[in-house]
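To start, the structure itself, in structure tokens.
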Amino acid sequence: DWTADIFVETSIKNLREQLGDDHVILALSGGVDSSVAAILLHHAIGKHLHCIFVDNGLLRKGEFEQVLDSYKHMGLNIKGIDAKTKFYKQLEGVKDPERKRKIIGGGFIEVFDDAAHEISKELPEGVEVKWLGQGTIYPDVIESISVNGPSATIKSHHNVGGLPDFMKLKVVEPLRSLFKDEVRRVGKALEMDPIILGRHPFPGPGLGIRILGDVTADKVRILQEADAIFIRNLRDAGWYDQVWQAGAIFLPVQSVGVMGDERTYEHVICLRAVGSMDGMTADWIHLPYDLLSKISNEIINHVKGINRVVYDISSKPPATIEWE
Ligand code: XMP
């Protein structure tokens, strides 16, 4: 029978055997998977694990600072990298969802590669980073097979699959066989912060795929504000832990509204909250009307540029959780 304690014990032992004295670089996303992967590796190889956390400008409001802080408290060897400008520049004018994913994924790899070289330079003569650690879990592997297989293209998950040749790092993925609930149990067995373990899944490409159409710093700011209001209200009302995942989406349309005596022509925010076991299927959550009403009012009254809020009532399949 599978237990988290036994998994922790055997994977630490296996990681030590696999990695020996090698150095590993791991990019944290702030999410459960990469955090648990990092703590496991930290237990196995200590300071030979070098974590980076990239601000791609597509994170949630205040996320970069908060997450960086909590990782430092956990004793991880971690470096925050501000790459906002790079990502915004590369995404400029790009509307196609798959292209955006590829650009963001490619941007990450370039930042990793630079960081790996930097870190290697700080290591003793002749020692270099040889591995890339990743928090890939089983459903990522499955969806990636359908993406890369001959029959269907769903979405390219940037954090799965091969790395380009120029990056000569081997990949170590300690959670590859686990489902999300198992990852959380492993995190608990490692005595990790419940706030981190309870965090909703958040896609690698971040708000970049929750802004439909082209991404600008302005749209990111608007979406961050709306999303923060949504998530805070879910927490306050006790709904956060009852949903698998929730977030706001910036729609690429404008609609007419009225404010005082003025006609407005502004953007639309969509709210999405789903229940799921593993992200492979999902049902939209029947949030109470009162709560939706409160959130809608707060967003429209406080987020400049938004005059309409809608709620997504689609389940997966056929709709995916993310809109892009
Ligand atoms: P979809 O939209 O395919 O999402 O129903 C299923 C789950 O996967 C997350 N997701 C991603 N996670 N990189 C990630 O790490 C990605 O590119 C990515 N795309 C989607 C999504 O948030 C949901 O939890």
Next item on the list: Of the conditions (1) under 15 Å from the mean Cα position of the chain (by Cα); (2) without any contact (Cβ under 8 Å) to a residue 60 or more places away in the chain, Lys47 clears all except one; give me its number.
Entry: (1)
Check: Does the stretch 71-82 contain any residue that is out of contact with any Ser or Thr (no Cβ under 8 Å at 6 or more places or on another chain), more than 21 Å from Lys100 (Cβ to Cβ) and in a helix (DSSP H, G or I)?
Finding: yes
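To keep it simple, each residue is scored yes or no on (1) of a type in the set (D, E, K, R); (2) more than 18 Å from Gly213 (Cα to Cα); (3) not in a loop (DSSP other than H, G, I, E, B).
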| residue | (1), (2), (3) |
| --- | --- |
| Gly238 | no, yes, no |
| Ala248 | no, no, yes |
| Leu251 | no, no, yes |
| Thr264 | no, yes, yes |
| Met280 | no, yes, no |
| Leu287 | no, yes, no |
| Lys294 | yes, yes, yes |
| Asn301 | no, yes, yes |
| Trp323 | no, no, no |
Notebook entry, point to check: Among (1) buried (at least 19 other Cβ atoms within 10 Å of the Cβ); (2) within 20 Å of the chain's Cα centre (by Cα); (3) not basic (Lys, Arg), which single condition is Ala228 missing?
Noted result: (1)
Note to self: For the structure I just gave you, tell me whether Asp278 is more than 20 Å from the chain's Cα centre (by Cα), at negative phi, of a type in the set (Asp, Glu) and not assigned by TED's automatic domain parsing to the domain that holds Asp140.
What the structure shows: no
Margin query: If Met280 meets every condition in (1) surrounded by fewer than 18 Cβ atoms within 10 Å (Cβ to Cβ); (2) away from the ligand (no atom under 12 Å from the Cβ); (3) of a type in the set (A, V, I, L, M, F, W, C); (4) in contact (Cβ under 8 Å) with a residue 24 or more places away in the chain apart from one, which number is that one?
Written below: (2)
Check: Under 9 Å by Cβ, and 6 or more places apart or on different chains, what pairs join a residue from the stretch 301-324 that is free of Cβ contacts under 8 Å to residues at least 12 places away in the same chain with one that is within 16 Å of the ligand (Cβ to nearest atom)?
Finding: Ala319/Ala282; Ala319/Trp284; Ala319/Asp312
Check: Hey, among the residues in the stretch 197-210 that are under 19 Å from Gly275 (Cα atoms) and crowded, with 17+ Cβ neighbours inside 10 Å, which one's farthest from the ligand (Cβ to nearest atom)?
Finding: Leu197
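For the stretch 185-194, enumerate the residues that are modelled with pLDDT under 95 and either acidic (Asp, Glu) or crowded, with 16+ Cβ neighbours inside 10 Å (or both). Working first, answer last.
Residues of the stretch 185-194 modelled with pLDDT under 95: 191-194.
The answer is Glu191, Met192, Asp193.
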Check: If you check every pair at least six apart or on different chains, which have Cβ atoms under 6 Å apart with a residue in the stretch 198-220 that is at pLDDT 95 or above first and a residue that is of a type in the set (Ser, Thr, Tyr) and not in a loop (DSSP other than H, G, I, E, B) second?
Finding: Ala217/Tyr88
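The values are calculated or read from the model by the stated rules, or taken from the named source; none is laboratory data. None of these values were measured; they are calculated from a predicted model. Note that we place each Cβ from the backbone using ideal geometry, even for glycine, and neighbour counts take in every protein chain shown.
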